[in-house]
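**Q** Mind looking over this structure? Questions follow.
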Ligand SMILES: [Zn+2]
């Protein structure tokens with residue numbers, strides 16, 4: 001894995017940057033029996049529920065956006081490589097014009113904080129869904145600490161971020177959890193944490209979903225939309241190699257389809 005994969009969406013060059021990787025234990029998907037879990041992993045050619053932490057760089061005539069900041073130091077030695085990925089592209093933190101945070105879980109906002117609890121991208125305008133800021137404000141969590149340092153621009157579902165980029169509110173995983181639509185590309189963020197376990201059965205959710213029922217409804221809706229509209233999609237936890245795919249109906253669920 002070289003940690004970089006690209007897709008051109010209109011005027012926006014979308015570059016997926018892998019911040020790190022880990023494995024989800026069986027306890028993360030408690031609705032699955034061991035037998036079902038093993039069968040789905042085997043069908044995907046996996047022995048464990050591997051995941052990667054994906055951020056995205058958007059390069060366009062309006063500037064440079066970073067979508068999520070990775071784990072920083074919160075997830076140990078297996079993650080926190082985003083600054084190296086940016087440096088490999090010749091970019092420094094000061095080159096990022098906007099930091100778009102899809103939600104404030106630690107693997108998305110951890111890298112927005114420096115080791116001594118400062119801002120890793122102090123010059124960037126910060127954008128997030130209004131409900132996400134409301135959810136984390138004042139909490140003793142990375143999201144709360146980040147909000148205590150910055151005044152984000154609060155946006156709503158469908159917000160026009162320029163260059164054909166719009167916010168896609170996908171609530172349930174967290175209240176303000178959002179993806180982005182960029183032309184025929186959909187970045188669906190955390191609606192899927194394990195394609196192997198969840199695409200065949202969109203009702204299957206991880207313990208990380210704040211509102212499991214709403215998250216399952218949102219997951220089914222968003223995946224159906226991607227498949228029906230023939231969109232290209234990527235998400236914050238999909239495995240490489242190859243981070244951009246299409247999606248097809250497959251029985252009661254969905255399956256990756258080639259680009
Ligand atoms: Zn999350």
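Please treat every number below as a calculation from the coordinates, not as lab data. Values in this document were obtained by computation on a predicted structure and should not be read as measured data. Note: ideal-geometry Cβ built from the backbone for every residue, glycine included; neighbour counts use all protein chains shown.
**Q** Before rounding to the nearest 500, sum -39500 (n - 2.57) across all DSSP H runs of length at least 4 in the chain and divide by the residue total; then give [θ] at 222 nm in deg cm²/dmol. Could you put the intermediate results ahead of the total?
**A** Working: 7 runs with 56 residues, N = 259.
Value at 222 nm, helices only: -6000 deg cm²/dmol.
**Q** On each of the three principal axes of the Cα atoms of the stretch 1-107, give max minus min coordinate, whole Å, ordered largest first.
**A** That works out to 50, 31, 25 Å along the principal axes.
**Q** Another question, if that's okay. Would you mind telling me which residue in 173, 135, 108 has the biggest mean-square fluctuation in a Gaussian network model of the chain, where springs connect alpha carbons within a distance under 10 angstrom?
**A** Greatest mean-square fluctuation among the candidates belongs to 135.
**Q** Once you put a point 7 Å from the Cα of residue 225 and another 7 Å from the Cα of residue 250, both along the Cβ direction, what distance in nm separates them?
**A** According to this spin-label approximation, the distance is 2.2 nm.
**Q** Evaluate E = 1/(1 + (r/R0)^6) for residue 8 and residue 91, where r is the Cβ-Cβ distance and R0 equals 25 Å; express this FRET efficiency to the nearest 0.05. Write down the numbers at each step before the final one.
**A** Working: r = 18 Å, r/R0 = 0.73.
With a Förster radius of 25 Å, E is 0.85.
**Q** Rounded to the nearest Å, what's the spacing between the alpha carbon centres of the stretch 19-45 and the stretch 140-216? Just the number, please.
**A** 21 Å
**Q** Roughly what % of DSSP beta bridges within the chain run antiparallel, to the nearest 5? Don't skip to the end; give the middle numbers.
**A** Numbers: 39 of 51 bridges.
In the chain, approximately 75 percent of DSSP beta bridges are antiparallel ones.
**Q** Related question: Is any residue of the stretch 196-216 close enough, with backbone N under 19 Å, to a label point placed 7 angstrom from the Cα of residue 38 along the Cα-Cβ axis, and if so, which?
**A** 196-198
**Q** Separate question: What Kirkwood hydrodynamic radius, in Å, does the stretch 4-257 give when the mean of 1/r is taken over all pairs of distinct Cα atoms and then inverted?
**A** Numbers: mean 1/r = 0.0551 Å⁻¹.
For the stretch 4-257, inverting the mean 1/r across all distinct Cα pairs yields 18.1 Å.
**Q** Moving to a separate point now. For the chain, find the longest principal axis of its Cα atoms and tell me its angle to the long axis of helix 34-43, 0 to 90°, nearest 10.
**A** 80 degrees
**Q** Using Cα springs under 10 Å in a Gaussian network model of the chain, which residue among 147, 46, 17 shows the largest mean-square fluctuation?
**A** In the Gaussian network model the winner is 46.
**Q** So what's Rg/Rh here for the stretch 131-238, counting alpha carbon atoms and using the Kirkwood radius for Rh?
**A** Numbers: Rg = 14.4 Å, Rh = 14.6 Å.
Reported Rg/Rh, Kirkwood definition of Rh: 0.98.
**Q** Under 10 Å, Cα contacts only: if you run a Gaussian network model on the chain, which one of 101, 74, 197 comes out with the highest mean-square fluctuation?
**A** 74
**Q** How far is helix 212-229 tilted, in degrees, relative to the longest principal axis of the Cα atoms in the chain, given as a value from 0 to 90 rounded to the nearest 10?
**A** On a 0 to 90 degree scale, this one is about 90.
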